[in-house]
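Taking it in order: structure first as structure tokens, then the write-up.
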Amino acid sequence: MRTVLIAGDVPAPRALRELIERGSTSFVEHRAADLVRDAAGSAAALDADRIVFWSASDDADVERLAEWYANAEAAARREIVVFVTAEGVGATPSAKLAPHEVFLWPRDEDRLKMAFLTGA
């Protein structure tokens, strides 16, 4: 499972990053701001089996990219986007993301383990 992690200004917590890596055969990490500036890089990330967004705050770049990928995901009829946000942030990335694609960290750690370590 090729996974791309896209984070805002605050990197993903180590425990979350390790969980994602363990559930992936290939793992690449990008900063959202870099992908927003590089449209070709954004398109290349779609080659992944799973794209994980991490947001520890209301980060406009992360939200913009999540919206873009959610639209691309819907158009391709694929489910590849996962959005993880810190508890208390309250950001909703896109109405297009299903409830099983949105997680709160660390509250949903067990759900994430099931999703990543079982290939769900």
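Would you work out which of 98, 62, 10 lies farthest towards the positive end of the dipole of the chain? Charges go on Cβ: Lys and Arg +1, Asp and Glu -1.
Checked the options; the winner is 98.
Could you work out the helix-only [θ] at 222 nm for the chain, with each DSSP H run of four or more residues adding -39,500 (n - 2.57) and the total divided by the number of residues, to the nearest 500 deg cm²/dmol?
Value at 222 nm, helices only, nearest 500: -11000 deg cm²/dmol.
Is the shape of the chain rounded, prolate or oblate, going by the alpha carbon gyration tensor and its root eigenvalues a ≥ b ≥ c, with a/c under 1.5 for rounded and a/b larger than b/c for prolate?
Rounded shape, in that the Cα axes give a/c under 1.5.
What FRET efficiency, computed as 1/(1 + (r/R0)^6) with R0 = 35 Å and r the Cβ-Cβ distance, is obtained for residue 71 and residue 14, rounded to the nearest 0.05?
So, using R0 = 35 Å, E works out to roughly 0.70.
If Lys and Arg each add +1 and Asp and Glu each add -1, what is the summed charge of the other residues whose beta carbon sits under 13 Å from the beta carbon of residue 36?
-4
How many nm separate the modelled label positions at residue 113 and residue 29, each set 7 Å beyond the Cα in the direction of the Cβ?
For residue 113 paired with residue 29, the spin-label model returns 2.1 nm.
Read-outs throughout are calculated quantities, based only on the coordinates presented, and are distinct from any laboratory measurement. None of these values were measured; they are calculated from a predicted model. As a convention, Cβ positions derive from the backbone with ideal geometry for all residues, glycine included, and neighbour counts pool all protein chains shown.
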